[in-house]
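This report concerns only the one structure given below.
Since every read-out is calculated from the coordinates, none of them should be taken as a lab result. The structure displayed is predicted, hence computed values, not measured ones. For neighbour counting, all protein chains shown are included, and Cβ atoms are generated from backbone atoms with ideal geometry for every residue, glycine included.
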Amino acid sequence: MKHVLKIMALLVAISAFWIGLLETSVVPRSYAWLLPIYLIVSLGCYGLLMVGIGLMLFPTCPQEAVLLQKDIAEAKEFLKNKGVDVGSD
Amino acid sequence: MELADKAVGFLLSAISLSIFTYYTLWIIILPFVESDHFIHRYFLPQEYAILIPVFAGAALLSFLSMFVGWWSIK
């Protein structure tokens, strides 16, 4: 419940800032009208950029992959010898 | 396999950066440029700058709710 209240308080603060920006004409009016949509689009763009960068920089650890495969084969051997059904390969 | 991942990641970041620059130019810089500059030919009229994100957002929301509804009926 408290998290929802925090988010709503943030939204109210942002809309108050936007309405103040509209009323006092610090920036030209057409810019103030377009500001929320611009911010939402740039937020979506930023999220997409972070996902793309994370995909590019993801480490794959090939040595650990080989070791893991060896561990799996060893465990399957062991369990098969003990009589457990290890399923298909 | 990492190459495919890196390629997809690079494509995503390229798309997002180009969308960001196009949208920033459209909304912020274009009103300052005088109306017979050649750059105006590459940008749609300014009403579309609002219609396209709103339309895309509405399409995304409806797609998400349809997916949730289909999954809960299954």
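Using Cα atoms only, what is the angle between the long axis of helix B:2-24 and the major principal axis of chain B, expressed in degrees (0 to 90) to the nearest 10? Helix B:2-24 sits at roughly 40 degrees to that axis.
Among A:PHE78, A:PHE58, A:PHE17, the residue with the largest mean-square fluctuation in a Gaussian network model of chain A, with springs joining Cα atoms closer than 10 Å, is A:PHE78. Using every pair of separate Cα atoms, the Kirkwood estimate puts the hydrodynamic radius of chain B at 15.5 angstrom.
The equivalent ellipsoid of the stretch A:1-42 has semi-axes of 24, 13, 5 Å, largest first, where each one is the square root of 5 times an eigenvalue of the Cα gyration tensor. For chain A, taking Cα atoms only, Rg and Dmax work out to 27.3, 80 Å respectively. Averaged over peptide A:43-56, the number of partner chain Cβ atoms lying within 10 Å of each residue's Cβ comes to 6.
Computed with the Debye formula from one identical point scatterer per Cα of the protein assembly as shown, without solvent, the log10 of I(q)/I(0) at q = 0.10, 0.13 Å⁻¹ comes to -0.68, -0.94.
Taking the C-alpha atoms only, the angle from helix A:2-24 to the longest principal axis of chain A is near 40 degrees.
For the protein assembly as shown, the dipole from Cβ point charges (+1 on Lys and Arg, -1 on Asp and Glu) about the Cα centre works out to 420 debye, to the nearest 20.
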